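The values are calculated or read from the model by the stated rules, or taken from the named source; none is laboratory data. In this text, all values refer to a predicted model and were calculated from it rather than measured experimentally. Here the Cβ positions follow ideal geometry from the backbone for every residue, glycine too, while neighbour counts run over all protein chains shown. Note: accessible area is taken over every heavy atom of the protein model, side chains too, but ligands, DNA and RNA are not part of it. Shrake-Rupley method; radii C 1.70, N 1.55, O 1.52, S 1.80 Å.
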Amino acid sequence: MIDIQTKPVGWRFGPCVRSPSTLTAAIVLSVAASVLGGAYAGEIKDPPRWTKGSDFSSLNDWNLKAEQIVPHGVNPLYYPITPGHKHALERPDHPGKYRKETVVLNTTEDFDIRGIGKFKTSVVQEEEYLDGVPTQRTLNWLALDKASSNVYSFGEVTWKINEDGKPSFAGTWRAGDPDGDGVAEPGLLMPGTFKVGERYIYAGSRSVAYGGAENMEDGLQVTVPAGTFKGCVRIREQGLIDPKDIKDKTSCPEVGIVSDTSDGKLVISNALPSGNPASNVSSIGTSRGKPAKPKSAAAAKISSEDAKKIALQRVPGKVTDITIERKKGKNVYVVEIQTGSREVDVFVDTQTGEIVGTD
């Protein structure tokens, strides 16, 4: 369990919340919850607090200029965006141990966006694993505004890793490129100065991923596998294509995200002091390229039809897909059910018929 101690704070709205922009809202697609197929939806069941892009600040409010944008640097509450930084989050509670590894690569990406100018971004790689098997790889384009220390995202490209270990293109977005009826814009990931109550677009491709973030709390003390951290903040991210897509992220000084209801908790980071065992990041990348074992229904004692019936008893709706996958050391049927406006995966043990989890 994550241990969070809170300090009471007042609700207030800082200067970042301004009149709505007429431009397409800003965008960032976190692999963990994107429509490109990322990690797993968090357990936030609260109703959405906001429903429109105009409820959040966006590009027109941020005064972004190319001469202020740098590819590498440090934000007080974000992980160091410097080449060689590595960290990993894990979510062992998910059927199939989930792990996301993040590495800041020693390369940059060139951008030339109308109204902003020419500049470079960092390239940040994220790799996702289930039971040690790679499932997805994403390259994110991030940068800092050196005047404000705000961290922005300018896009990403994602590949799924197939069972033979080979990547296949899954999707992309890029600030400045056509996006639906408008143009994709950068998104604000972490303000340089955190103020409770501020709201800003963090994911804004109206055709791919669109969402806003709200600064919920500050002054938190948090304990996760990588250690105990003080002076932390909580940010709520909410989808604007699917308002029920809600997750909370807790970020702490120097190390950045330590807890994400979608991606899990921080287990290692080389931003930690060398005396902390969790500063050892030698395990990052060791599973890369390892192909998944072929999934076969031959040994299943429960038929796929029985698995569907079992799943529908738990989650009424329409079965749209069923596959066998390896999760938590077991073969399970992944029964995909469409129920109303949302989709739910029900995991049914192929040997016992027991439901071992949902997503």
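Using Cα positions and a limit of under 18 Å, work out the aspartates and glutamates in reach of Lys120, with same-chain residues fewer than 8 apart set aside.
Qualifying aspartates and glutamates at Cα under 18 Å: Glu67, Glu109, Asp110, Asp112, Asp145, Glu156, Asp177, Glu185.
Take peptides 120-132, 174-186 and line them up by average Cβ neighbours within 10 Å, highest first, as a rough protection proxy.
Final packing ranking: 120-132, 174-186.
For the range 201-359, restrict the atom set to alpha-carbon positions and state the Rg and Dmax in Å.
Every Cα atom of the range 201-359 included, Rg and Dmax give 19.9, 54 Å.
Probe radius 1.4 Å, ligands and nucleic acids ignored: give me the carbon and sulfur share of the accessible area of the range 90-184 as a rounded percent.
About 50 percent, which is the carbon plus sulfur part of the accessible surface.
How big is the gap, in Å, between the Cα center of the range 232-293 and the Cα center of the range 81-133?
Centre-to-centre (Cα) distance: 10 Å.
Using just the Cα positions, wrap the range 155-278 in a convex hull and report its mean projected area in square nanometres, one decimal place.
If I average the Cα hull's projected area over directions, I get 9.9 nm².
What area, in nm² and to one decimal, does the C-alpha convex hull of the range 94-204 cast on average over all directions?
9.4
For the range 137-184, what class follows from the C-alpha gyration tensor (a ≥ b ≥ c being the square roots of its eigenvalues): rounded when a/c is under 1.5, otherwise prolate if a/b is larger than b/c, else oblate?
oblate
For the range 156-218, taking Cα atoms only, what is the radius of gyration to one decimal and the Dmax to the nearest whole Å?
Taking only Cα atoms of the range 156-218, I get Rg and Dmax of 15.5, 46 Å.
Of the listed peptides 209-217, 147-155, 102-110, what is their order by residue-averaged count of other C-beta atoms within 10 Å, with the highest listed first?
Listed from highest to lowest mean packing, they are 209-217, 147-155, 102-110.
I need the per residue convex hull volume for the range 61-107, using only the alpha carbons, in cubic angstrom as a whole number.
So the per-residue Cα hull volume is 139 Å³.
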